[in-house]
1. At 7 Å along Cα-to-Cβ for each site, give me the label-to-label distance between E19 and D34 in nm.
2. Provide the net charge surrounding E39, with neighbours chosen by a C-beta distance below 11 Å and charges set as Lys +1, Arg +1, Asp -1, Glu -1.
3. What does the charge count near G16 come to, summing +1 for each Lys or Arg and -1 for each Asp or Glu among other residues with Cβ under 13 Å from its Cβ?
4. What distance in nm separates the two pseudo spin-label positions at D70 and E96, each 7 Å out from Cα along the beta-carbon direction?
5. Fewest to most neighbouring Cβ within 10 Å: what's the order for K74, K58?
6. If we count every other residue with Cβ under 14 angstrom of S4's Cβ, Lys/Arg +1 and Asp/Glu -1, where does the sum land?
7. Can you tell me the order of 22-29, 77-84 when each peptide is scored by its average per-residue count of other Cβ atoms within 10 angstrom, highest first?
Amino acid sequence: MNASGYIVASDSAIIGIGETIREAATQALEWSDDYGSVEALISDMESDLEKAHEEDGKPYVRRATAALIDAVEKGGTPEQWTIIDNIACTAEEAIEHNS
């Protein structure tokens with residue numbers, strides 16, 4: 001599984017994508033009222049880099065595959081996506097990886 005960028009997610013929704021964490025965080029900031037700046041969001045995520053915050057709804061960052069980033073660009077968060085080896089990917093990629 002190869003990462004080609006980053007996602008920022010909150011709960012199960014992908015709220016930002018980008019080639020860098022900053023690019024993904026800039027997009028995510030449009031969806032989050034909890035942070036006053038991109039720097040504040042990045043600082044909070046980097047304090048727990050690669051840890052999920054699904055339980056508390058806080059945004060978290062993950063490396064992501066090109067296919068997942070492409071899917072989000074084309075139609076928003078896919079209904080099914082997952083994380084394998086700390087890389088976010090499409091459900092199809094996960095099935096292929098596990099075959």
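Here, each number is a calculation from the coordinates, and none is a lab measurement. Everything quoted here is computed from the prediction, not taken from an experiment. Cβ: placed from backbone, ideal geometry, glycine included. Neighbour counts: every protein chain shown.
1. 2.9
2. Details: positive: R22; negative: D44, E46.
Taking every Cβ under 11 Å from that of E39, the sum is -1.
3. Numbers: positive: R22, R62; negative: E19, E23, E30, E73.
Result for the neighbourhood of G16: -2.
4. Roughly 0.9 nm, to one decimal.
5. Details: K74 8, K58 17.
In order of increasing Cβ crowding within 10 Å: K74, K58.
6. Values: positive: R62, R63; negative: E19, E23, D70, E73, E93.
The answer is -3.
7. Details: 22-29: 21.0, 77-84: 14.9.
Packing order, densest peptide first, comes out as 22-29, 77-84.
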